[in-house]
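Step one of this worksheet: look at the structure below.
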Number of protein chains: 2
Amino acid sequence: MKLIKGKENKEVLIEREPIDVETFKRMIRQMGLKVTKQRVHILEAMSEGRAHITVQELYEKLQKTHPEIGFATIYRFLKNMTDHNLVTEVRMGGFPARYELTPNQHHDHLNCTNCGKIVEFENESIEELQESVARKFNFKLTGHVLELYGLCQDCQQE
Amino acid sequence: MKLIKGKENKEVLIEREPIDVETFKRMIRQMGLKVTKQRVHILEAMSEGRAHITVQELYEKLQKTHPEIGFATIYRFLKNMTDHNLVTEVRMGGFPARYELTPNQHHDHLNCTNCGKIVEFENESIEELQESVARKFNFKLTGHVLELYGLCQDCQQE
DNA sequence: ATAGTATTGATAATCATTTTCATTAATGGT
DNA sequence: ACCATTAATGAAAATGATTATCAATACTAT
């Protein structure tokens, strides 16, 4: 369980392991798609910097180094990746969707609403209970969003 | 929506009391807004029938009895209500937002990612485990979002 | 009832996302 | 390496949900 520090209520940057180009190409082939420079560049852009990125942010980031990549390509490829579970789509409220390379270890978030600190946690019992709720209503579970909000120890003392 | 009782896990579809016009008017005044027939009709339409309704569905429902009510009015009023926590907005994937009169009893949602159906449930064990996670990290819990996604029985068969 | 102001509804505007389609590029077989 | 086949691309148009505009209308306190 890893602790990530944030400032105020801003979004938090999450460090990821760097992934090499060969791995990206393997991921693309694995989906049954052709390896194009655009797709590799999109994966590269997603693997560096902020974990949850919007299409707009991705587009602007790519503009600097590969100005030939268009919105449609990004949207299309993210859809492919999402369908193949290599990318996780997070939609909040009416905001544009955010995408992240699917982390190998599932986790949920405990967020401090005062200082923005985030604790990632994983609780097997909660996961099982979610499954049992789904079963009870004859749903086949495919995903979930669990975000806890509260005050961390430091902020409670203020 | 009908009531379904669970056994040990206490999943429940929430029962809603019918609400009378005077209560609706009080709610509107409480927000510091003027009482108009449109607003009362919108509240009436929301309080009968399906709990989670889209703007489109609400519009069509209102068309039959009050064809003078426009989309803009519905959107504006739902925004007011949501801001004042009298209505809860549920957004799922890229589907249109669904709205419900905020129930006095807390519940979470089970969403069908194919047809947009929403099932409400309440699970005391999950709530307790959330508390215990928060305690473990010395957080004081103030709220949470739990949305389950999957395929409902009908959509699994397609 | 009247004045003053909030509300309304039709329509235009916006914003994210998807589709279209003519052009270009990747791949597999030679 | 060279094609031929077919998928992929990018620009622009289309879509769908939601929000803003604004002149006409309806509440509400006086």
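The values are calculated or read from the model by the stated rules, or taken from the named source; none is laboratory data. Values in this document were obtained by computation on a predicted structure and should not be read as measured data. Neighbour counts run over all protein chains shown; Cβ positions are idealised from the backbone, glycine included.
Go through the residues of region A:95-110 one by one and say whether even a single one is assigned to a helix (DSSP H, G or I), among the β-branched types (Val, Ile, Thr) and either more than 9 Å from DNA strand C (Cβ to nearest atom) or not assigned by TED's automatic domain parsing to the domain that holds A:GLU127 (or both). So far as region A:95-110 goes, no, none of its residues is assigned to a helix (DSSP H, G or I), among the β-branched types (Val, Ile, Thr) and either more than 9 Å from DNA strand C (Cβ to nearest atom) or not assigned by TED's automatic domain parsing to the domain that holds A:GLU127 (or both). A Cβ distance below 8 Å, combined with a sequence gap of six or more or placement on separate chains, defines the contacts here; from region A:147-158, residues that are at the interface with another protein chain (Cβ under 7 Å from one of its Cβ atoms) reach residues that are modelled with pLDDT under 85 and part of a loop (DSSP other than H, G, I, E, B) in the pairs A:TYR149/A:THR113; A:GLY150/A:THR113; A:LEU151/A:THR113; A:LEU151/A:ASN114; A:CYS152/A:ASN114; A:CYS152/A:CYS115; A:CYS152/A:LYS117. Taken over region A:111-123, the residue count meeting the criterion of being touching a residue at least 24 places away in the same chain (Cβ under 8 Å) and assigned to a loop (DSSP other than H, G, I, E, B) is 6.
Within region B:33-43, can one find any residue that is more than 28 Å from A:GLU89 (Cβ to Cβ), away from DNA strand D (no atom under 15 Å from the Cβ), away from chain A (no Cβ under 14 Å) and of a type outside the set (Ser, Thr, Tyr)? Scanning region B:33-43, I find no residue that is more than 28 Å from A:GLU89 (Cβ to Cβ), away from DNA strand D (no atom under 15 Å from the Cβ), away from chain A (no Cβ under 14 Å) and of a type outside the set (Ser, Thr, Tyr), so the answer is no.
Within the group B:VAL40, B:VAL35, which residue is within 16 Å of DNA strand C (Cβ to nearest atom), not assigned by TED's automatic domain parsing to the domain that holds B:CYS152 and not in a helix (DSSP H, G or I)? Even if it seems obvious, please write down each step before you answer.
Values: B:VAL40 fails: not in a helix (DSSP H, G or I).
Within the list B:VAL40, B:VAL35, the selection yields B:VAL35.
Considering only region B:67-83, state which residues are outside any helix (DSSP H, G or I) and either surrounded by 15 or more Cβ atoms within 10 Å (Cβ to Cβ) or touching a strand residue (DSSP E or B) at 6+ places or on another chain (Cβ under 9 Å) (or both). Within region B:67-83, just B:ILE69 meets the criteria. Considering only region A:117-136, I want to know if a residue exists there that is under 15 Å from the mean Cα position of the chain (by Cα) and closer than 22 Å to B:LYS117 by Cα. No; the residues of region A:117-136 include none that is under 15 Å from the mean Cα position of the chain (by Cα) and closer than 22 Å to B:LYS117 by Cα.
Is there a residue in region A:124-141 that is touching a residue at least 40 places away in the same chain (Cβ under 8 Å) and either facing chain B (nearest Cβ under 10 Å) or surrounded by fewer than 16 Cβ atoms within 10 Å (Cβ to Cβ) (or both)? Scanning region A:124-141, I find no residue that is touching a residue at least 40 places away in the same chain (Cβ under 8 Å) and either facing chain B (nearest Cβ under 10 Å) or surrounded by fewer than 16 Cβ atoms within 10 Å (Cβ to Cβ) (or both), so the answer is no. Under 7 Å by Cβ, and 6 or more places apart or on different chains, what pairs join a residue from region A:48-69 that is modelled with pLDDT of 95 or more with one that is within 14 Å of DNA strand C (Cβ to nearest atom) and not in a helix (DSSP H, G or I)? The qualifying pairs are A:VAL55/A:PRO96; A:GLN56/A:PRO96; A:LEU62/A:ILE69.
Each row is one residue, and each column tells you yes or no for (1) at positive phi; (2) at pLDDT 95 or above; (3) within 14 Å of another protein chain (Cβ to nearest Cβ).
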| position | (1), (2), (3) |
| --- | --- |
| A:PHE77 | no, yes, no |
| A:ASN85 | yes, no, yes |
| A:ALA97 | no, no, yes |
| A:CYS115 | no, no, yes |
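Within 8 Å of DNA strand C (Cβ to nearest atom) and more than 14 Å from chain B (Cβ to nearest Cβ): is that true of A:GLN56 in this structure? The answer is yes for A:GLN56. Of the listed requirements (1) over 30 Å from A:ASP108 (Cβ atoms); (2) touching a strand residue (DSSP E or B) at 6+ places or on another chain (Cβ under 9 Å), A:LEU58 misses just one: (1).
For residues in region A:70-87 being in contact (Cβ under 8 Å) with a residue 24 or more places away in the chain and β-branched (Val, Ile, Thr), which is nearest to B:ARG91 (Cα to Cα)? Residue satisfying both the conditions and the ranking: A:VAL87.
Flag: A:GLY49 matches the condition of being more than 14 Å from chain B (Cβ to nearest Cβ), more than 14 Å from DNA strand C (Cβ to nearest atom) and not acidic (Asp, Glu).
Comparison of A:LEU101, A:LEU110 shows that the only residue that is surrounded by 14 or more Cβ atoms within 10 Å (Cβ to Cβ) and facing chain B (nearest Cβ under 9 Å) is A:LEU110.
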